[in-house]
Every structure is written in C-alpha cells, then in structure tokens.
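J.: A single structure is presented below for examination.
The values are calculated or read from the model by the stated rules, or taken from the named source; none is laboratory data. Because the structure is predicted, anything quoted here is derived from the model rather than measured. Don't worry about glycine lacking a Cβ; one is built from the backbone with ideal geometry, like all the others, and counts go over all protein chains shown. To get the accessible areas, we keep the full protein, side chains included, count just its heavy atoms, and leave off ligands, DNA and RNA. Shrake-Rupley method; radii C 1.70, N 1.55, O 1.52, S 1.80 Å.
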Amino acid sequence: MQDAKALQVAVVGTGYVGLGTAVMLAYLGHHVTGVDVDQAKIDMLTRGELPIYEPYLDELLRESAPRLRWTTDYASAIPNADVIFICVGTPPLPSGQPNLAYVAEAAQSIARHLNGKVQVVVNKSTVPIGTGDWVARILEENAVDYHANRYLVVSNPEFLREGTALHDSLYPDRIVLGSDSPEAIERMAELYEPLLSQDFAAPVSVPRPDCYTQPALVKTSLSSAEMIKYAANAFLALKISFANEIAGLCERVDADIQEVTRGIGYDQRIGPHFLGAGAGWGGSCFGKDTAALISIGHEYGYEMPILAAAIEINQRQRQLVIAKLQQHLHRLKGKRVAVLGMAFKPNTDDLRDAPAHDCIARLIELGAQVVAHDPIAMPRARHEWRHLRYQEAESAEAALRGADAAILMTEWDDYRRIDWESALRGMRHPLVIDTRRVIGHFGGAGIVEQIGKRPASRVAEVTA
Ligand SMILES: NC(=O)c1ccc[n+]([C@@H]2O[C@H](COP(=O)([O-])OP(=O)(O)OC[C@H]3O[C@@H](n4cnc5c(N)ncnc54)[C@H](O)[C@@H]3O)[C@@H](O)[C@H]2O)c1
C-alpha cells in the first residue's frame with residue numbers, strides 16, 4: 001500500500017484504458033471498482049485473469065488485487081465513489097463522428113446511482129468538444145435529486161500508448177484536467193497526488209526512468225481539455241504521414257528516410273518521435289480521432305486540409321505495400337505470402353484498424369494464399385478476423401518457409417531476432433517487404449524492400 005490518501009474510485013469500462021487506469025489507481029493506494037457491461041470480461045478479471053495483453057499489467061493486477069473489485073452492477077460501484085471515470089469506447093461511425101452511445105449509456109447508468117453528495121464524474125474516453133457539458137446534462141436529467149454543485153464533471157483525457165500503458169500512466173508527461181469547477185480539480189489533484197509528487201515506490205517491472213521528475217499539471221476548461229486530446233493525436237498522426245510522404249521522395253532520389261528522420265529528429269523543434277515511415281498508422285485512435293476532428297470542423301463549416309491529407313497519405317501507404325509486392329511478383333494469384341505481425345503495433349494484441357488487416361484482405365482478394373503470424377495477437381485475430389481466410393503459422397520461421405514473399409507488418413522484437421539470411425534462403429522466392437525496418441543484416445540472400453529506401457539487394461527479379 002502506498003502513501004496516497006485513499007479515495008473510492010469507480011472506473012466504468014474496463015477495456016485498454018479503463019483497465020490500465022483501474023490497476024494504476026489501485027497500485028497508488030486507492031480503492032477501485034471496475035464496472036463493465038461485458039460479463040465475460042468481469043468474470044475473467046474476478047478470477048485474476050486479463051482480457052487483454054499489456055506488458056506487466058498482470059503483475060500490477062496481482063499486487064493491487066486487495067484494492068480492486070470488478071462488477072457489472074453499477075449499484076454496487078457508484079454510490080460509494082468519490083471519483084467516477086468513464087472509460088467506455090467511442091468507436092467511429094461511418095460519418096467519421098465518434099459513436100457516443102456507450103458514453104450516453106454509461107452516464108445514464110451512473111446518474112441513476114449517484115448518492116446526492118459531492119461526486120466527480122470524469123470523462124477519460126476521447127470525446128468531441130462539448131461532450132463534458134452533454135454528460136453533465138445527462139446526469140442532470142437522470143439523477144434523482146440532481147444538484148449542479150454536487151455532480152462535478154471533469155475531462156481528463158488519456159495519453160497512454162498500448163504496449164507501454166503502465167509506464168505512460170505512472171510517469172506521464174502531463175496530466176490534463178479540464179473543468180469549470182475548482183472543487184472538482186482539487187479532488188482530481190488529490191487523486192493524482194502520488195503521480196504529481198512521484199512519491200510512490202515504483203513497481204520493479206515498470207521502473208521510474210532515471211531522467212523523469214514529475215508530470216506537468218495542465219488545468220483547463222472542459223472544452224480545451226477535450227480539444228487537447230484530439231489535437232495531440234492529430235499532430236502525432238501528421239508526423240507519421242509527413243515522414244511517409246518524405247519517404248516516397250527518398251525512394252525516388254535514392255535517399256534513406258531513416259537517415260533523414262535521424263537527421264531532422266535531433267532538432268529539438270522537431271523531435272525524434274513518431275517519424276517512423278512504413279505501412280502507416282493504425283490502432284483504435286489515430287484514424288478515429290483524425291476523422292472526428294474533421295467531422296467536428298464540418299459542423300462549423302471549417303475545412304481541415306492538413307488532416308485530410310494526413311489520412312489520405314496513410315491510406316496510400318497501406319496500398320504501397322501491395323504495390324511493392326506486385327512490382328516483384330507481378331501476379332499474386334496462387335502465390336504464398338507470409339504476413340508477419342498482425343497487431344497494429346508491437347507489445348499489444350490490439351487489432352483495431354491494424355494495417356495488417358487491410359494487407360491480408362487485399363492479398364486474399366488478389367488470389368494470394370496468406371500465411372500469417374503474430375507472437376501475441378493470433379488468438380484474438382482468430383475471433384476478430386474470422387471473415388478473412390488465411391492460415392496461421394506456429395512461428396515466423398514456419399510462415400516464411402516455402403513462401404513466395406513475406407510482408408513484415410509489425411516490428412515485434414521476435415522478428416528482429418530471426419536469422420534473416422537463413423530465413424530468406426528457406427523461402428521459395430527470397431523477397432521481403434519490410435515495412436517496419438526490422439531487418440538489419442541479411443547477407444544479401446534475397447531482396448529486402450524497405451519503405452523510404454532503395455531495395456537493399458537487387459538480385460534477379462522473381463518470376464512466376
Ligand atoms: N486504447 C488506447 O490506446 C486509448 C488511448 C487513449 C484514449 N483512448 C480512448 O479511451 C476510450 C476507451 O478506449 P479503449 O481502447 O479502452 O476501449 P475498449 O473498447 O477496449 O473498452 C471499452 C470498454 O467499455 C465497456 N463498455 C461499453 N459500454 C459500457 C457501459 N455502458 N458500461 C460499462 N462498460 C461499458 C466495453 O465492454 C469495453 O470493455 C476511447 O474513447 C478511446 O478513444 C484509448
């Protein structure tokens with residue numbers, strides 16, 4: 001138990017964000033109840049099992065178990081809570097707008113169980129600007145005995161990255177708190193005191209970085225906090241698309257995008273992060289949040305051409321992978337193509353909007369036989385991608401054996417450890433489209449195409 005002044009917390013929605021938030025707050029000493037409508041998820045958590053893969057989350061879950069409870073019953077979680085987090089999904093609608101139905105349902109359910117004393121309702125889900133006020137209105141309409149001074153709404157956007165979620169939650173760059181109520185901000189500062197002062201004992205598995213001191217506390221209005229989240233994600237997406245745009249030119253002028261981004265990244269005004277050229281961004285957030293921002297702009301008759309271009313470039317990158325394959329193999333019909341990496345990035349099992357999905361779907365459409373592998377996400381893909389007809393490989397090496405080509409879609413460390421020279425020799429045609437710069441040395445044993453660079457080896461073109 002840490003030194004925090006323990007608060008009672010309810011976390012509504014126990015997905016990637018809610019689960020990380022619940023476990024982190026319990027680790028800091030608070031008493032946390034996770035609420036979800038998904039009974040299977042709650043059953044797993046109650047048994048001490050995790051429904052998602054996130055490094056070290058199992059260890060912290062075990063360590064914090066005495067302060068954690070899981071339920072589908074709002075009535076047993078909300079009345080007691082000093083702070084109630086809404087962490088439900090906001091997936092995109094076909095229009096690009098986020099679907100706020102889950103937020104509305106959660107807010108209605110919360111409202112019915114508020115206790116009439118001061119409680120803070122915190123929106124951690126990524127939501128359009130104005131949603132905080134909308135949630136306050138839902139509380140007002142559904143809470144018995146509603147009183148604006150007693151139900152305080154805060155926007156506290158989440159910036160964690162899947163794969164490093166605990167690190168990002170325990171050692172954040174900043175904590176953004178948006179509210180019109182000083183009392184709500186004060187309670188949130190109390191909740192986050194251990195993070196703000198960094199006086200908690202760091203978990204052994206997620207040590208405090210040597211250079212880390214404390215997070216910045218950014219206090220804003222509700223709408224600024226909501227905008228901060230969208231603007232941050234949009235900017236990161238822009239950086240990746242920018243690197244991809246420059247990468248295309250690098251290929252044509254015989255420059256190497258990796259050398260170029262290293263060269264520009266040392267400039268402190270630019271920074272080295274999120275400049276990785278490749279198959280483009282994926283995951284549940286960037287596509288959804290850029291589309292949401294554009295659609296919010298449309299509500300005000302405001303165009304956002306930079307963002308629109310970033311999305312277009314991202315789509316182009318996904319197609320580029322297949323085009324590179326076609327340049328070498330000409331016809332994909334009947335070809336066996338290994339796809340290494342299915343998750344949208346390493347160290348997660350999250351498949352949402354993963355570039356590998358579109359790549360596999362297109363390969364199948366073009367008549368290729370796909371053999372796919374992922375160190376962690378394969379079981380989830382079996383369920384979520386059951387509409388795709390691909391074969392699973394038990395290892396990356398097995399996928400590569402006898403393949404006409406391979407596409408490397410996710411930069412898992414396991415793939416860096418492959419003996420690429422021998423793997424290429426074991427392929428029917430030694431061709432790899434390495435979209436994530438995983439392959440270093442391969443002894444010229446085949447063709448390795450990387451994005452933003454001329455092929456590392458130009459051996460005789462592969463023919464059917
Ligand atoms: N995943 C990320 O990396 C990330 C990072 C920052 C912000 N966000 C934002 O956080 C939010 C949640 O994202 P996520 O990835 O954790 O989503 P998720 O889909 O993994 O989890 C959402 C959970 O909410 C539950 N839920 C839905 N309706 C509910 C209800 N009425 N009551 C209780 N539970 C309910 C679902 O069963 C699910 O377990 C989204 O708005 C997302 O944009 C996500």
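J.: With the requirement that a residue be of a type in the set (D, E, K, R) and assigned to a loop (DSSP other than H, G, I, E, B), what does the stretch 249-270 give you?
T.: Of all residues in the stretch 249-270, those of a type in the set (D, E, K, R) come to 251-252, 254, 256, 259, 262, 267, 269.
Of everything in the stretch 249-270, those that are of a type in the set (D, E, K, R) and assigned to a loop (DSSP other than H, G, I, E, B) turn out to be Asp254, Asp256, Asp267, Arg269.
J.: Right, something else. Looking only at the stretch 205-248, which residues are part of a loop (DSSP other than H, G, I, E, B) and either touching a Cys at 6+ places or on another chain (Cβ under 7 Å) or not β-branched (Val, Ile, Thr) (or both)? Write out each step before concluding.
T.: The first filter runs over the stretch 205-248 and keeps only residues part of a loop (DSSP other than H, G, I, E, B), leaving 205-215, 221.
Of everything in the stretch 205-248, those that are part of a loop (DSSP other than H, G, I, E, B) and either touching a Cys at 6+ places or on another chain (Cβ under 7 Å) or not β-branched (Val, Ile, Thr) (or both) turn out to be Ser205, Pro207, Arg208, Pro209, Asp210, Cys211, Tyr212, Gln214, Pro215, Ser221.
J.: Within the stretch 158-180, which residues are among the acidic types (Asp, Glu) and either buried (at least 19 other Cβ atoms within 10 Å of the Cβ) or within 13 Å of the ligand (Cβ to nearest atom) (or both)? Before you say what the answer is, go through the steps one by one.
T.: Filtering the stretch 158-180 for residues among the acidic types (Asp, Glu) gives 158, 162, 168, 173, 180.
Listed by number, the residues that qualify are Glu158, Glu162, Asp168.
J.: Tell me which of these Asp349 doesn't satisfy, since it passes every other one: (1) of a type in the set (Asp, Glu); (2) in the same structural domain as Gly248 (by TED's automatic domain parsing); (3) crowded, with 21+ Cβ neighbours inside 10 Å.
T.: The one condition Asp349 does not meet is (2).
J.: Hey, another quick one. From the list Arg362, Arg318, Arg352, pick out the single residue that is within 30 Å of Gly402 (Cα to Cα) and assigned to a loop (DSSP other than H, G, I, E, B).
T.: Testing whether each residue is within 30 Å of Gly402 (Cα to Cα) and assigned to a loop (DSSP other than H, G, I, E, B) leaves just Arg352.
J.: Scan the stretch 124-144 for residues that are in contact (Cβ under 8 Å) with a residue 40 or more places away in the chain, of a type outside the set (Lys, Arg) and within 16 Å of the ligand (Cβ to nearest atom) and jot them down.
T.: Restricting attention to the stretch 124-144, the residues satisfying the condition of being in contact (Cβ under 8 Å) with a residue 40 or more places away in the chain are 124-133, 135.
Next, from what is left, pick out any that are of a type outside the set (Lys, Arg): 125-133, 135.
The answer is Ser125, Thr126, Val127, Pro128, Ile129, Gly130, Thr131, Gly132, Val135.
J.: Consider only pairs whose beta carbons are under 8 Å apart and that are at least six residues apart or on different chains; among these, list those whose first residue lies in the stretch 411-439 and is at positive phi and whose second residue is in a loop (DSSP other than H, G, I, E, B) and open to solvent by less than 10 Å² (accessible area, probe 1.4 Å).
T.: Qualifying pairs under 8 Å: Arg437/Gly278; Arg437/Ile451.
J.: Tell me yes or no: at least one residue of the stretch 241-248 is within 22 Å of the chain's Cα centre (by Cα) and not polar (S, T, N, Q). Working first, answer last.
T.: Going through the stretch 241-248, the residues within 22 Å of the chain's Cα centre (by Cα) turn out to be 241-244.
Still in the running and not polar (S, T, N, Q): 242-243.
Yes: one or more hits.
J.: Something else now. If I ask for residues that are without any contact (Cβ under 8 Å) to a residue 12 or more places away in the chain and not acidic (Asp, Glu), which ones from the stretch 205-225 would you list?
T.: From the stretch 205-225, those without any contact (Cβ under 8 Å) to a residue 12 or more places away in the chain are 207, 210-211; that's our starting set.
Within the stretch 205-225, Pro207, Cys211 qualify.
J.: Go through (1) open to solvent by less than 10 Å² (accessible area, probe 1.4 Å); (2) touching a strand residue (DSSP E or B) at 6+ places or on another chain (Cβ under 8 Å) and name the single condition Gly452 misses.
T.: For Gly452, the exception is condition (2).
J.: What are the residues in the stretch 384-401 that are in contact with a Leu (Cβ under 9 Å, 6 or more places away or on another chain) and open to solvent by 20 Å² or more (accessible area, probe 1.4 Å), if any?
T.: Going through the stretch 384-401, the residues in contact with a Leu (Cβ under 9 Å, 6 or more places away or on another chain) turn out to be 384-385, 390, 393, 396, 399-400.
Scanning the stretch 384-401 gives Glu384, Tyr390.
J.: Also, quick follow-up: Got a number for residues in the stretch 17-54 being open to solvent by 20 Å² or more (accessible area, probe 1.4 Å) and within 18 Å of Ile175 (Cα to Cα)?
T.: The total comes to 1.
J.: Looking at the stretch 98-116, which of the residues that are polar (S, T, N, Q) and open to solvent by 50 Å² or more (accessible area, probe 1.4 Å) is farthest from the ligand (Cβ to nearest atom)? Before the answer, list the steps.
T.: If we filter the stretch 98-116 for residues that are polar (S, T, N, Q), which is where we start, we get 99, 108-109, 115.
With open to solvent by 50 Å² or more (accessible area, probe 1.4 Å) added as a condition, the list becomes 108, 115.
Details: Gln108: 8, Asn115: 18 Å.
Out of the qualifying residues, it is Asn115.
J.: May I ask you to verify whether Leu166 is in contact with a Gly (Cβ under 8 Å, 6 or more places away or on another chain), among the aliphatic types (A, V, I, L, M) and part of a loop (DSSP other than H, G, I, E, B)? Before the answer, list the steps.
T.: Details: in contact with a Gly (Cβ under 8 Å, 6 or more places away or on another chain): yes; among the aliphatic types (A, V, I, L, M): yes; part of a loop (DSSP other than H, G, I, E, B): no.
For Leu166, the condition - in contact with a Gly (Cβ under 8 Å, 6 or more places away or on another chain), among the aliphatic types (A, V, I, L, M) and part of a loop (DSSP other than H, G, I, E, B) - is not met.
J.: Sticking with this one: Considering only the stretch 117-157, how many residues are open to solvent by 20 Å² or more (accessible area, probe 1.4 Å), small (Gly, Ala, Ser) and assigned to a loop (DSSP other than H, G, I, E, B)?
T.: 2
J.: Within the stretch 57-84, which residues are open to solvent by 40 Å² or more (accessible area, probe 1.4 Å), under 27 Å from Ser155 (Cα atoms) and touching a Pro at 6+ places or on another chain (Cβ under 9 Å)?
T.: Result: no residue meets the conditions.
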